[in-house]
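The values are calculated or read from the model by the stated rules, or taken from the named source; none is laboratory data. Quick caveat, the model's predicted, so the values are computed rather than measured. All Cβ positions, even for glycine, are placed from backbone atoms using ideal geometry, and neighbour counts span all protein chains on display. All accessible areas refer to the heavy atoms of the entire protein, side chains included, with ligands and DNA or RNA removed. Shrake-Rupley method; radii C 1.70, N 1.55, O 1.52, S 1.80 Å.
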Amino acid sequence: MTNLIWDFDGTLFDTYPYMVSAFTKALQQNGIDEVEIDGDEIYQQMRIHSLNSAITKFSARFHLDSERLLADYRRFEALEIQLSQPFAGGPTILQAVTANGGQNGLLTHRDEHAIALLEQFKLKSLFTGFVTSQQGLARKPDPASLLFLIKQQHLNPTETFMVGDRKLDVEAAHNAGIQSVLFDPDYLLEATGNPTVTIHSLAELQQLL
């Protein structure tokens, strides 16, 4: 394991608590009472599936306009997400990769806010390649964004792993012909996509480098 391509949300940065908070505020903005909102259920829907699936599920449940709910969520999330921090062990692994002569890449469906957070924690310099929503590449599990990074960073696919927290990250890695690390910190995932390695803390990556 020489090069790591990182997912952002729920893998490198612990963003889900702030995403759930923003989602809760968006539901309340749309007239849903706090007692009807289950933060754990929202988290699990986002974590196992996606934000879009959460928008679809809860707008249907509460008979809301999905586009308005998403717009309200994005407005609250832009503020909430600024409070998120890297997972324990993440910065150490990033530094270890570069110290060993490897490269780190970032692959996220998020926009440039992800880059801003890397800069805030002085981590951006540890990356040599970035794909955000700004590039407009096909979303995971389509391999286009991974293949873009592999070509851009001149990575050897046999020494490159995708690190992510969902099945679609594993599937994207397999579709791109590289290996995968599934980060499952809360032992929540049942469908995993058969990753090369499963870890429950980022510190576990240290012994694999």
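Based on DSSP H runs of at least 4 residues, each adding -39500 (n - 2.57), what is the mean residue ellipticity at 222 nm of the chain after dividing by all its residues, to the nearest 500 deg cm²/dmol?
Numbers: 8 runs with 87 residues, N = 209.
It lands at -12500 deg cm²/dmol.
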(request) Report, ordered by chain and residue number, the aspartates and glutamates lying within cross-link reach of K140, taken as a straight Cα distance under 12 Å and ignoring same-chain residues fewer than 8 apart. (result) D7, D169, E171
(message) Rounding to the nearest 10 and keeping the result within 0 to 90°, find how far the Cα-based axis of helix 16-29 lies from the longest principal axis of the chain.
(response) 20 degrees
(message) Charges at C-beta only: +1 for Lys and Arg, -1 for Asp and Glu. How large is the resulting dipole of the stretch 32-112 about its Cα centre, in Debye rounded to 20?
(response) 400 debye
(request) Collect residues whose amide H, placed 1.01 Å from N in the peptide plane, falls under 5 Å from the amide H of G129; neighbours closer than 5 in sequence don't count. (result) L106
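Over the stretch 79-209, with the other protein chains present, what is the accessible area per residue in square angstrom, probe 1.4 angstrom? Mind dumping the intermediate values first?
On the way: 6190 Å² over 131 residues.
With the other protein chains kept in place, the stretch 79-209 gives 47 Å² per residue.
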(request) Working from Cα positions, state the angle (0 to 90°, nearest 10) between the long axis of helix 66-80 and the longest principal axis of the chain. (result) 60 degrees
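Using a 10 angstrom Cβ neighbour count of at most 13 plus a DSSP loop assignment to flag exposed GluC sites (Glu not before Pro), which longest range of the chain is free of such sites?
Details: sites that count: E112, E190.
Maximal segment without exposed cleavage sites: 1-111.
When a/c reaches 1.5 or more, the comparison of a/b and b/c decides; with that in mind, is the stretch 69-191 rounded, prolate or oblate per its Cα gyration tensor? Mind showing how you got there, number by number?
On the way: a/c = 1.42, a/b = 1.23, b/c = 1.15.
Taking the square roots of the gyration eigenvalues as a ≥ b ≥ c, the stretch 69-191 is rounded.
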(message) Give me log10 I(q)/I(0) at q = 0.11 Å⁻¹ for the chain, Debye formula, one equal scatterer per alpha-carbon, no solvent.
(response) -0.51
(message) Nearest 10 degrees is fine. How inclined is helix 51-61 to the longest principal axis of the chain, computing both from alpha carbons?
(response) 20 degrees
